[in-house]
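S.K.: Dropping a structure here in structure tokens format, bear with me for questions.
The values are calculated or read from the model by the stated rules, or taken from the named source; none is laboratory data. Fair warning: this is a prediction, and the values are worked out from it, not measured in the lab. All Cβ positions, glycine included, derive from the backbone under ideal geometry; neighbour counts span all protein chains shown. Heavy atoms of the whole protein, side chains included, go into the accessibility calculation; ligands, DNA and RNA do not. Shrake-Rupley method; radii C 1.70, N 1.55, O 1.52, S 1.80 Å.
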Amino acid sequence: MLGVVFTEFLDMVEEKFDLDTVDAIIDAAKIENDGAYTAVGSYSHRDIVSLVVALSQHANAPVDDLVHAFGHHLAGRFAKLYPQFFDVFTDPFEFLSTVDHHIHREVKKLYPNAQLPSIKTEQIDEHSLAVVYQSHRSFGKLAEGLIQGALDYYSCDATVETENLSPDDASNVRFIVRKNTV
């Protein structure tokens, strides 16, 4: 998993809680590198899972809620760090439809060994878009948070319905995004 995910997670924890919480979850997670992540590095996704579980225990908050909140946070950070991917669109459906074919392709140029999820989209009608997330990692809640973050970035009032297509985990999830119309 790309290091930027780790650095942004720890930054979010510091922002939402404090630096003592960051230190506490790093200690509790018992990860090999003691939380020394760089944005350009690559790390085991098990580390982020351990950190989220440690935060869940520390903050007494559900893991799924924390992962969703992180996805939302990450979308906002990506918009600031990589505006070239966001600013060419005015509509979240256009943006979401480019993630797999454009954004992930650019990420692969920079990080050839990156194992990125598959994000497929299908326009249902002018107000509805299906987004299918597939990954060997079970981060459907992260994808949902990223989708919600993109909707917020484009100031789009919409609902996101979730259908888990893999009963044992969240590795294959279908989201139906519906714009709320007046």
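S.K.: Would you point out the residue of the range 121-143, among those that are part of a strand (DSSP E or B) and among the hydroxyl-bearing types (Ser, Thr, Tyr), that is nearest to THR159 (Cα to Cα)? Let's see the steps before the verdict.
M.R.: Going residue by residue through the range 121-143, those that are part of a strand (DSSP E or B) are 121-125, 128-134.
Those still in the list that are among the hydroxyl-bearing types (Ser, Thr, Tyr) too: 121, 128, 133.
Values: THR121: 16, SER128: 10, TYR133: 17 Å.
Among residues in the range 121-143 that are part of a strand (DSSP E or B) and among the hydroxyl-bearing types (Ser, Thr, Tyr), the one nearest to THR159 (Cα to Cα) is SER128.
S.K.: Which of the residues belonging to the range 137-163 are of a type in the set (S, T, N, Q) and either within 24 Å of GLU126 (Cα to Cα) or open to solvent by 80 Å² or more (accessible area, probe 1.4 Å) (or both)?
M.R.: From the range 137-163, those of a type in the set (S, T, N, Q) are 138, 148, 155, 159, 162; that's our starting set.
Answer for the range 137-163, where residues must be of a type in the set (S, T, N, Q) and either within 24 Å of GLU126 (Cα to Cα) or open to solvent by 80 Å² or more (accessible area, probe 1.4 Å) (or both): GLN148, SER155, THR159, THR162.
S.K.: Next up: Just to be sure, is ALA150 outside any strand (DSSP E or B), modelled with pLDDT under 95 and at negative phi?
M.R.: no
S.K.: Under 7 Å between Cβ atoms, which residue pairs at least 6 apart in sequence (or on different chains) link something in the range 142-164 that is over 15 Å from VAL132 (Cα atoms) with a partner that is of a type in the set (Gly, Ala, Ser) and open to solvent by less than 50 Å² (accessible area, probe 1.4 Å)?
M.R.: Note: pairs meeting the criteria are GLY149/GLY71; GLY149/ALA75; GLY149/GLY76; ALA150/ALA75; LEU151/ALA158; TYR153/ALA75; TYR153/GLY76; TYR153/ALA79.
S.K.: Pull out all pairs, ordered by first then second residue, where Cβ-Cβ is under 6 Å, the residues are six or more apart or on different chains, the first lies in the range 55-69 and is under 13 Å from LYS16 (Cα atoms), and the second is hydroxyl-bearing (Ser, Thr, Tyr).
M.R.: LEU66/SER56
S.K.: Restricting the search to the range 14-54, which residues are at pLDDT 95 or above and either hydroxyl-bearing (Ser, Thr, Tyr) or touching a Leu at 6+ places or on another chain (Cβ under 6 Å) (or both)?
M.R.: Within the range 14-54, THR21, VAL22, ILE25, ALA29, SER50, VAL52 meet the criteria.
S.K.: Here's a check for you: in the range 96-120, which residue that is charged (D, E, K, R) and part of a helix (DSSP H, G or I) is farthest from ILE147 (Cα to Cα)? Step through it out loud before you land on a result.
M.R.: The first filter runs over the range 96-120 and keeps only residues charged (D, E, K, R), leaving 100, 105-106, 108-109, 120.
Within this subset, residues satisfying the condition of being part of a helix (DSSP H, G or I) are 100, 105-106, 108-109.
On the way: ASP100: 13, ARG105: 19, GLU106: 19, LYS108: 21, LYS109: 23 Å.
Step by step, filter the range 96-120, then rank; the result is LYS109.
S.K.: From ALA69, ALA75, grab the single residue that is in contact with a Gly (Cβ under 8 Å, 6 or more places away or on another chain), at pLDDT 95 or above and closer than 20 Å to GLN134 by Cβ. Before the answer, list the steps.
M.R.: Details: ALA69 fails: closer than 20 Å to GLN134 by Cβ.
Going through ALA69, ALA75 in turn, the sole match is ALA75.
Residue-wise test of (1) within 15 Å of the chain's Cα centre (by Cα); (2) open to solvent by 80 Å² or more (accessible area, probe 1.4 Å).
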residue	(1), (2)
TYR43	no, no
ALA61	no, no
LEU74	yes, no
ARG77	yes, no
ASP87	no, yes
PHE93	no, no
THR98	no, no
ILE103	yes, no
ASP125	no, no
